[in-house]
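The values are calculated or read from the model by the stated rules, or taken from the named source; none is laboratory data. In this text the structure is predicted, and so the values were computed from the model without any measurement. Positions of Cβ are generated from backbone atoms using ideal geometry, with glycine treated the same way; all protein chains shown enter the neighbour counts.
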Amino acid sequence: MAEAAELSIGSSLDLHRRYTLVELRGRGNYGVVYKAVQKGLERNVAIKILRKGVAGDKIQHLKREGWLQGQLSHPNIVDVHDLDEETGALVLEYVDMSLHEKLQQLELAKKTFEPAQALQIIRKCLEGLAHAHDKGVVHGDLKPANILISNNLEEVKISDFGVARIFGTAEVAAEGSDTCAAPEVLRSWKERGVWSGDYSSDLFSLGIVAYVILYGKHPFLRSGMVSPRSFIMHHDYLPDELAAGEEIPARYVKLIRELLVKERSQRQLTSARQALYEISPETELDLGVKLSTSPGPSSSTASQAQIFQAAELQSMAFELNDEGSYFEAEERATEALKLDPRSAPAYHTRGFSRSRQGRLKEAILDFDKALELTPASAARPRAKILYNRAFAKMKMGDYAGSCSDIKQAQKLDLDDPKIAWLLKTVCNSHQSSGL
Ligand SMILES: Nc1ncnc2c1ncn2[C@@H]1O[C@H](COP(=O)(O)OP(=O)(O)O)[C@@H](O)[C@H]1O
Ligand SMILES: [Mg+2]
């Protein structure tokens, strides 16, 4: 690798000094990946950190990526071993190379995959993707560089959940790659600056990957055209390429045709599980438990998975508040509330971010709701909510309301210096000014 490494090879990364870096393995849009050895266990791992010069707020992004990928557990998805809270560094299962690198090797040697190998790889990708979709996760950036394989081609693992999201939650304001993206994703990026896709967009991308490994070329790229983006948006693949033969069973050809339907509304396949069923109807249609499903309008009780996920979102929101990213915090907390409409901490956290954005009335409504949902026995949490509501009321000029809240808070938590300070500031000045 010609470029200087962001970390020096052989050094100990201070992830408790447990890993020795061996070499730089790859770079993507915002990550740098090293091969490392985990001391004691003497096994290879991959460590992904942010590229030099990438804004620090991307740490949240990397942590989110780790969290999301960490929720998945499947032989065809790269495992997350660890996450460094401070830097967002991800410790991942190590895999020999990317499919992109393998394709380059083959091209140099003027070779292509054997059809049987290609079909195996497609199938394994589909299995990994089906697991992600079952859990409600949209990958968003499937392409050869984000699919890892072992030297013997036995292991095939989807990686890089950098622009992944849980279907139904906020869209991601980070760009994926345009060589394999579905037209609607490219359009949303162009028009709204968000990378937005659904399960069928992942299937479209997988269609491109499948085509590339089976036929040795991109289905839409033609020489003389300007950019991959315009190929995908405006040109069709050549149907005669998609021929079945002795070695490529008709059901795979049919599958790839269905995957590559450009118009989202015309796609018959809506999730990887369904696509997998097309090529092996004998497998059971196990739809699993989603990480999130938006609760219907009448449902106010959340499943365990939703509660769990809402708690994770709430803690992300809490950290974002801590960093002063109030808008993002509000978004996360809102997502948490969609999953678990009875989460008092999510109301409390969202109230705080709204209050800091100056949206005091909405903030107070959130604090009201948080208090309503927090049991009387939880004195400290109630005191904190009351303190924040008092603060918002003070900002609105409602000194009487603020003082009343703060007095209640003090009864619940005598030791909190912030409460004592606010009591002095609000109640004393309110009394002395005769209001
Ligand atoms: N777990 C891993 N094992 C081995 N190599 C990896 C691993 N993860 C990533 N890489 C290499 O690093 C490259 C960039 O990693 P990626 O996660 O895709 O970063 P980015 O999010 O910046 O695109 C990959 O294309 C691959 O070559
Ligand atoms: Mg990548």
Quiz item: Only one residue in Leu72, Leu41, Leu68, Leu62 is out of contact with any Pro (no Cβ under 6 Å at 6 or more places or on another chain), in a loop (DSSP other than H, G, I, E, B) and surrounded by 20 or more Cβ atoms within 10 Å (Cβ to Cβ). Which one?
Solution: Leu72
Exercise. May I ask you to verify whether Arg43 is more than 18 Å from Ala164 (Cα to Cα), away from ligand 2 (no atom under 16 Å from the Cβ), modelled with pLDDT of 95 or more and over 25 Å from the mean Cα position of the chain (by Cα)?
Key: yes
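Residue-by-condition table, conditions (1) in the same structural domain as Lys262 (by TED's automatic domain parsing); (2) free of Cβ contacts under 8 Å to residues at least 60 places away in the same chain; (3) part of a loop (DSSP other than H, G, I, E, B); (4) within 13 Å of ligand 2 (Cβ to nearest atom):
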site: Asn152; (1), (2), (3), (4): yes, yes, yes, no
site: Phe161; (1), (2), (3), (4): yes, no, yes, yes
site: Ala174; (1), (2), (3), (4): yes, no, yes, yes
site: Ser177; (1), (2), (3), (4): yes, no, yes, yes
site: Cys180; (1), (2), (3), (4): yes, yes, yes, yes
site: Val185; (1), (2), (3), (4): yes, yes, no, no
site: Trp189; (1), (2), (3), (4): yes, yes, no, no
Quiz item: Do we have Leu68 as touching a residue at least 24 places away in the same chain (Cβ under 8 Å), more than 14 Å from ligand 2 (Cβ to nearest atom) and not assigned by TED's automatic domain parsing to the domain that holds Leu206 here?
Solution: yes
Quiz item: Take the residues of segment 19-40 that are more than 22 Å from the chain's Cα centre (by Cα) and either small (Gly, Ala, Ser) or in the same structural domain as Phe161 (by TED's automatic domain parsing) (or both): which is farthest from ligand 2 (Cβ to nearest atom)?
Solution: Gly40
Quiz prompt | Of all residues making up segment 75-86, the number that are within 17 Å of the chain's Cα centre (by Cα) and either modelled with pLDDT under 95 or away from ligand 1 (no atom under 12 Å from the Cβ) (or both) | solution = 4
Self-check item: Condition broken by Gln309, with the remaining ones in (1) modelled with pLDDT under 90; (2) more than 24 Å from the chain's Cα centre (by Cα) satisfied
Solution: (2)
Self-check item: Scan of segment 129-140 for residues that are in a helix (DSSP H, G or I) and surrounded by fewer than 23 Cβ atoms within 10 Å (Cβ to Cβ), ordered by number
Solution: His131, Asp134
Quiz item: Conditions: (1) within 16 Å of Leu92 (Cα to Cα); (2) without any contact (Cβ under 8 Å) to a residue 12 or more places away in the chain. Gly53 meets all but one. Number of the miss?
Solution: (1)
Exercise. Check Val54 against each of (1) of a type outside the set (S, T, N, Q); (2) assigned to a loop (DSSP other than H, G, I, E, B); (3) within 16 Å of ligand 2 (Cβ to nearest atom); (4) modelled with pLDDT of 90 or more and name the one condition it does not meet.
Key: (4)
